[in-house]
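As structure tokens, the structure follows; a few thoughts come after it.
The values are calculated or read from the model by the stated rules, or taken from the named source; none is laboratory data. Predicted model only: the values in this text are computed from it and were never measured. Cβ sites come from the backbone with ideal geometry, for glycine too, and all protein chains shown count toward neighbours. Heavy atoms of the whole protein, side chains included, go into the accessibility calculation; ligands, DNA and RNA do not. Shrake-Rupley method; radii C 1.70, N 1.55, O 1.52, S 1.80 Å.
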Amino acid sequence: MHSTLIVARMNSGSRTEVAKLFSEFDNTEMPHLMGTRRRQLFTYRGLYFHLQDFDADNGGERIELAKADPRFIGISDDLKPFIEAYDPATWRSPADAMASRFYDWETPA
């Protein structure tokens, strides 16, 4: 499994709206097309964390392909009033907001 974590800024009062947008998006075939296995959203003191798990390490490639889909474009536009880049001066795409993993552990099988 492969995971990505996007960090941005969000007013905690927007949780309901953001969750609704993702619920609608996740009830389409888009998660399957992107290879998304699980999505979790967190907020903490004005920060937004979007944890997405994929079955394989090709989630980034599949998301790149999905970016042209009108549903992907639509949710991106719909989220703009609620979520802003952590650092607007350097943000060009979601890849610019991805946290870097520096430690990984899991229980032995």
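List of remarks:
- Taking each residue of the range 77-105 that is under 16 Å from TYR48 (Cα atoms) and at pLDDT 90 or above and looking for partners that are of a type in the set (Val, Ile, Thr) and open to solvent by less than 100 Å² (accessible area, probe 1.4 Å) with beta-carbon atoms closer than 8 Å, six or more apart or interchain, yields LEU79/VAL18; PHE82/VAL18; ILE83/VAL18; TYR86/VAL7; ALA99/ILE6; ALA99/VAL7.
- Long-range neighbours under 9 Å by Cβ, at least six apart or interchain, first residue in contact (Cβ under 8 Å) with a residue 60 or more places away in the chain within the range 1-19, second open to solvent by less than 60 Å² (accessible area, probe 1.4 Å) and among the polar types (S, T, N, Q): SER3/GLN52; THR4/GLN52; LEU5/GLN52; ILE6/GLN52; MET10/THR43; ASN11/THR43; SER14/THR43; VAL18/THR43
- Within the range 1-31, tally of residues that are part of a strand (DSSP E or B) and aliphatic (A, V, I, L, M): 5
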